[in-house]
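Taking it in order: structure first as structure tokens, then the write-up.
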Amino acid sequence: HTDNDKYTYESLTETASFLRKQVPFKPVIGIICGSGMGAYWNQGCLADALDGKIQFPYEVIPHFPRSTVKGHVGELVFGYLTGVPVVCMKGRFHYYEGYPLWKCAMPVRVMKLLGITHLIVSNAAGGLNPNFKVGDIMLVKDHINLMGFAGNNPLQGPNDDRFGPRFPPMNTAYSKELIIEAKKVAEELNMQDIIHEGVYTCLGGPNFETVAELKMLSMLGADTVGMSTVHEVITARHCDLTVFAFSLITNLCITNYKTASNPNHEEVIDVGKMRESVLQLFVQNIVTVIAKQ
Ligand code: R1P
């Protein structure tokens, strides 16, 4: 995984100028739509709801990886959300697809070069916290970079100071201010009963976790577990983007040996569909708040 020297500032600038030439406005917010935000089905993704859409399938964008998740429509979609110019990733790249972490996260740098100042990251995750129910939303206040513990990090390799510093801090990764604002938005939408705050952790996947692994994660203080987000957020903070992230709880983690039911990707999609409209409204209102700042 050392070919990240091909993804230099210059080559990502080429990607950004390819896009800039075809989009007549500058996005101010980037939104990563994962499994919880409709990225895995054709209709109902937040990206489809943008006004004045301009879409780029990932395969036409220079230097971009391609989505390999089944039924996954991989596109970068530019448009306006409640009048605010945004760029949405409809579908993301995962480590389990065979991409190294820096490549999974490279679209974040492209969005930065395009001019975004804020990144909204959504994911579908398993709920470890016993107070969480399926369909609840957890605002991410922190993460545990488990793959980082094992020496795997999207920022590995030569550092380019034009993106950010060699040793970026991560203790303030998730904007406290935006968490406060998101809670206000949730109250306005009468969603306060399904909103929590907590710690996300990412494993490499693609298999779901064993009982012993989930018990361990729970002991470590993780509230949700998934297979994304952490490397995107590290890359975003490295280049000084303000980050807001949330998990849609699509299944409850099984931490005993008596339960025979298996977690599966279908339930992840079903819960995403169930929360489709409310989550779109939630993100839309947060975008409005950010744009007013
Ligand atoms: C598993 O069902 C998929 O759902 C989550 C996991 O990371 C995995 O990709 O998706 P997102 O994190 O992309 O939302």
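All of the numbers you see were taken from the coordinates with simple rules; none came from a lab. For clarity, every value in this text was computed on a predicted model and none was experimentally measured. Every residue, glycine as well, gets a Cβ built from its backbone with ideal geometry; the counts of neighbours run over all protein chains shown.
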- Message: Can you compute the radius of gyration and Dmax for the stretch 186-228, using only the Cα atoms, both in Å?
- Response: 13.5, 40
- Task: Between the alpha-carbon centers of the stretch 146-207 and the stretch 52-106, tell me the distance in whole angstrom.
- Result: 19
- Message: With n ≥ 4 as the cut-off for DSSP H runs, can you work out [θ] at 222 nm for the chain, using -39500 (n - 2.57) per run divided by the number of residues, rounded to the nearest 500?
- Response: -9500 deg cm²/dmol
- Message: Please report the equivalent ellipsoid semi-axes of the chain, computed as sqrt(5 x eigenvalue) of the Cα gyration tensor, largest first, in whole Å.
- Response: 27, 22, 18
- Message: Using DSSP H assignments, which helices in the chain have an axial alpha-carbon span of 27 Å or above and a mean Kyte-Doolittle hydropathy of -0.5 or higher?
- Response: none
- Message: So, R0 is 41 Å and r is the distance between the beta-carbons of K53 and F149; what FRET efficiency does that work out to, to 0.05?
- Response: 0.55
- Message: Need the list of aspartates and glutamates near K258 for cross-linking: C-alpha distance under 19 angstrom, and skip anything on the same chain fewer than eight residues off.
- Response: E209, E213
- Once the piece of chain linking K292 and E267 is laid out straight, how much longer is it, given 0.36 nm per residue of separation minus the C-alpha distance between them? 5.4 nm
- Taking a label point 7 Å from the Cα of M216 along Cα-to-Cβ, the residues of the stretch 177-206 whose backbone nitrogen sits under 15 Å from it are 201-205
- Mind scanning K53/K183; K176/K292; K103/K292 and naming the pairs with a C-alpha gap bigger than 25 Å? K53/K183; K103/K292
- Query: For the stretch 51-148, what value does the Rg/Rh ratio take when both radii are computed over Cα atoms and Rh is the Kirkwood radius, given to two decimals?
  - Reply: 0.98
